[in-house]
Amino acid sequence: MVNAVALSADEKYHLISRNLQEVLGEDKIKSILKERDLKIYWGTATTGKPHVAYFVPMSKIADFLRAGAEVTILFADLHAYLDNMKATWELLEPRVQYYEQSIKAMLSSIGVPLDKLKFVKGTNYQLSKEYTLDVYRLSSLITEHDAKKAGAEVVKQVDHPLLSGLLYPGLQALDEEYLKVDAQFGGIDQRKIFTFAEKYLPQLGYQKRAHLMNPMVPGLTGGKMSSSEEDSKIDLLDSAANVKKKLKKAFCEPGNIENNGCLSFVKHVIFPLLKPSEKFILPRHADHGGDLAFDKFEDLQQAFAKEEVHPGDLKSAMEIYLNRLLDPIRKTFEDKKLKELTARAYPVPGKQKGSNQQQNQANDELVPSRLDIRVGKIVEVSRHPDADALYVEKIDLGEAAPRTIVSGLVNFIPIEEMKDRMVVVLCNLKPAKMRGVESQGMVLCASVDDPKQVETLIPPEDAIPGEKVYVENYESGNPDEVLNPKKKVWEKLQVDLKTNSECIAQWQGNNLLTKSGGKIKSKSMAAAPIK
C-alpha cells in the first residue's frame, strides 16, 4: 500500500476518484481532504453469492485505503430481507458470515490489509430505538413516487411491490448518518438512492453526504452481471475449468469496446491491481506474433477496437489473471467450517436432510423450483352445474387417474376447443372447492384485465402429459408436496410470471421449459401476467 501520509490532498482525491463514473459532492470531498482523511462506507445486501464483479468495488476500496480514507464495509442484512425477501430471516446470519469471509478473502487476494477496515452488520444498529424512530420520521416525508423512483434500479421490481421495498431507499439514506461517514460509495445503479439521500437527510436535520459511483461492469452475456443469471457471472469459488468454460461462452465481439464485459473487467479490476512496474501480458502463440504487453488500458482498448487483439487472446489473458485472483479464495474455502457455512447460507433445495417439503418450509426460500408445474391433456370437459363461467375438466397429468380441475374459461374458449387441448398445470396448490366441486390444480393462462383477455399456455408440440415444466436456471430442487397457503408461496412467485415480447412464458426473465428444452408460450399475448 502507498504511504498515504506522504500524499497531497490532490493526490488523495485522484486515488479516490479514478475510474469512477460519477462523483457527487466533489468540492465537499476536496475541502475535507485539505483538513483530514475522508470517511467512506460501502454497503452490500447479503443476498446471492458474491461473484467476480465484486472485485470492482474491492479494487476501489484498495484505492480509498491508499488515499488514507477510513473505510466501513456494511453487511446490509436487513436490506436483503426487505428487498422482496431475497433472504429469509433465518438465512440472514449465515449469509452475513459468508459475505464477510468472502470479502475478506477477496481483499486478502488483492493485498488489502484488513486492519484498515471496519466491518459492520446492519441489524446491529438498524433495530435500535433511535434508528427506528428516524425511519418513521423519514416515512412521514417521503412520497410513494419518490420511494419507488429511488429504488427502481436496485430493489427487485414487481407489478405489486411490497411496502418493504419502498422502505429500502430510506434505510440506505439513514445508514450514512448512523455510520458517521462523509461519503457513500456504490455502483452507478445506486444514483437514484444517492440523490434521494441528498434530498431527504437535510430535512431530518442531518448533513448531506458526497457520493462516489462505479460504472456497472457488463456481465459475460452482455447485460448486467447478476447473481441470478448463471452464465453472466463467474463465482468466487468456480473451478478453473468452470472459469475457462464461462469465458469461452462470454460475449466478446471483435472490435466492440462499448458493451464488452471482458474489457470492462480488465479495465476496472486487473489494471488497477497491477504493480507499478507490472504490465498486462496477453499471451499469444509465436505463429500469431508472440505475447503482447500493455502499460495502459487505453492502449489495449485501442488495439482491440482495431482488431489487433483477438477476443480469444483477451479471454486467455483474463483466465490467467482471474485464476490468480481466485486461487487464494478457493484455498480459503477448502476449510471444513467454511464449506459448512456455505451449505447453511445457500442450501440447495432437495439435497438437505429431511423431506423436501419440510426443508423448503424451513428455509422459506422463494424459488420457482418449489412449484410443481406439468404438461397436461384435457381428456374430458363439461360446464360447471352451478357456475356459468366455469368448466370442470378431467386432465391427464401422467398420474394413475386424471385430475379434476375447475377453470374460469367459459367466456374465452368454446367447449369444443377444450377437449384434447394440451395445457400447462400448477399441480401442488392445496385442493379447494369451487362452487361445490373440488379443484386439484390450476390451468395456467396468460391473462390481462383491461380489456379482459385470457389464453391457456401452450406446451411444445413434442410434450407429453405429466412432463415436468422447469424454470431455466432453477432446474435443481424438487417442488413442495403442497404449497402452504398461509405462506402465500404461489402468490409471491406468481407476480414474476409473465410472457415476454415474443409471448414466451418466463419467471424473472428465465424461460419456462420442458425436459427437451421446448419453450412454453402463449398464442398471441405478449408481456401478459401468467395466472
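The values are calculated or read from the model by the stated rules, or taken from the named source; none is laboratory data. Values in this document were obtained by computation on a predicted structure and should not be read as measured data. Here the Cβ is made from the backbone with ideal geometry for all residues, glycine too, and neighbour counts use every protein chain on show. The protein model used for the area step is the full one, side chains on, heavy atoms only, and it has no ligands, DNA or RNA in it. Shrake-Rupley method; radii C 1.70, N 1.55, O 1.52, S 1.80 Å.
Descriptive notes on the structure:
- Residues (over 16 Å from TRP507 (Cα atoms) and surrounded by fewer than 19 Cβ atoms within 10 Å (Cβ to Cβ)) located in the range 478-495: ASN478, GLU481, VAL482, ASN484, PRO485, LYS486, LYS487, LYS488
- For PRO459, the stated conditions hold: it is within 14 Å of ILE395 (Cβ to Cβ), buried (at least 20 other Cβ atoms within 10 Å of the Cβ) and not β-branched (Val, Ile, Thr).
- Meets criteria (farther than 19 Å from GLN172 by Cβ, in contact with a Pro (Cβ under 6 Å, 6 or more places away or on another chain) and not hydrophobic (A, V, I, L, M, F, W, C)) for SER31: no
- Entirely in the range 225-305, the helices (runs of 4 or more DSSP H) that have 2 or more residues that are closer than 12 Å to ALA317 by Cβ and open to solvent by less than 50 Å² (accessible area, probe 1.4 Å): 261-265, 297-305
- Failed item, numbered, when ILE73 is tested on (1) among the β-branched types (Val, Ile, Thr); (2) within 22 Å of the chain's Cα centre (by Cα); (3) open to solvent by 10 Å² or more (accessible area, probe 1.4 Å): (3)
- Selection status of LYS394, at pLDDT 95 or above and either farther than 16 Å from GLU455 by Cβ or of a type in the set (Phe, Trp, Tyr) (or both): yes
- Test: residue in the range 82-96 that is over 21 Å from LEU163 (Cβ atoms), basic (Lys, Arg) and at pLDDT below 85: no
- Candidate set: the range 390-411, residues that are assigned to a loop (DSSP other than H, G, I, E, B) and buried (at least 16 other Cβ atoms within 10 Å of the Cβ); chosen: the one nearest to the chain's Cα centre (by Cα): LEU397
- Selection count where residues are within 19 Å of VAL375 (Cβ to Cβ), acidic (Asp, Glu) and within 22 Å of the chain's Cα centre (by Cα), scope the range 449-508: 2
- Any hit, the range 354-361, residues being in a loop (DSSP other than H, G, I, E, B) and either out of contact with any strand residue (DSSP E or B) (no Cβ under 9 Å at 6 or more places or on another chain) or at pLDDT 95 or above (or both): yes
- Condition check for LEU325: under 23 Å from the mean Cα position of the chain (by Cα), among the aliphatic types (A, V, I, L, M) and at pLDDT 85 or above: yes
- Meets criteria (in contact with a Leu (Cβ under 9 Å, 6 or more places away or on another chain), under 18 Å from GLY111 (Cα atoms) and open to solvent by 30 Å² or more (accessible area, probe 1.4 Å)) for TYR81: no
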